[in-house]
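Take a look at the structure set out below.
Quick note: the coordinates plus some simple rules give every number you see, no bench work behind them. It should be emphasised that the depicted structure is a prediction, and the values quoted were computed from it without experimental measurement. Here the Cβ positions follow ideal geometry from the backbone for every residue, glycine too, while neighbour counts run over all protein chains shown.
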Amino acid sequence: MKPSLLSRTARKTRFTVILASFLSFLGSCQAGGGTDLSVSDLRAKLQKGSPMLLLDVRNPDELTGSLGALDGVVNIPLGELEQRTAELAKYQDREILVICRSGNRSGKAVSLLQKKGIKATNVAGGMIAWRGAFSGANR
């Protein structure tokens, strides 16, 4: 093989490995494996009265902080969720939407629930996105 051809092949291989690693990283960062719902879609579901459980996985003190909480949420902090998943059995006939401050903890919660066979959807952007889109709206 010519040195220039080998070096071009090596560069292509290195690029392919880096690109694959990056895409894998992005996939792992995507909350809940791509099962996200926008705050606009959440608001539409709330206004429609769709049967759902809105699960807030923030710590209890955060529900009374500057971002507040949406009406009717069930609060199970992420740190307690694995031990408390049985509490969700009574909501099995409803869609489970998970929210937190920014979408990070709720994404982790969705992954945990899905591993346990519970279908759940992450609210992308969390309460920060909600308050940014609907300042002052509680529903």
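Test of the criteria: in the stretch 39-139, which chymotrypsin sites (Phe, Trp or Tyr not before Pro) are in a DSSP loop and have at most 11 other Cβ atoms within 10 angstrom of their Cβ? Passing both the DSSP loop test and the Cβ count: no residue.
The HN-Hα couplings worked out from phi for the stretch 100-107 by the Karplus form 6.51 cos²θ - 1.76 cosθ + 1.60 (θ = phi - 60°) are 8, 6, 10, x, 6, 5, 5, x Hz, whole numbers, x standing for Gly and Pro. Measuring r between the beta carbons of Asn75 and Ala44 and using R0 = 41 Å, the FRET efficiency lands at 0.95.
Residues of the stretch 82-101 falling in the label zone of Lys119, defined by backbone nitrogen less than 20 Å from a point 7 Å along Cα to beta-carbon, are 85-99. Residue-wise HN-Hα couplings along the stretch 116-130, as the Karplus relation 6.51 cos²θ - 1.76 cosθ + 1.60 with θ = phi - 60° gives them from phi, are 8, x, 9, 6, 8, 10, 7, 8, 4, x, x, 5, 4, 5, 4 Hz; Gly and Pro carry x. Cβ crowding within 10 Å, taken as a proxy for footprinting-reagent exposure, orders Ser50, Ser135 from fewest neighbours to most as Ser135, Ser50. Over the stretch 31-133, the pair-distance histogram of Cα-Cα distances with 10 Å bins from zero comes to 17, 55, 27, 1 percent, rounded to whole numbers.
Residues whose amide H lies under 5 Å from that of Ile96, counting only those 5 or more places away or on a different chain, are Leu53, Thr121; hydrogens are built 1.01 Å from N in the peptide plane.
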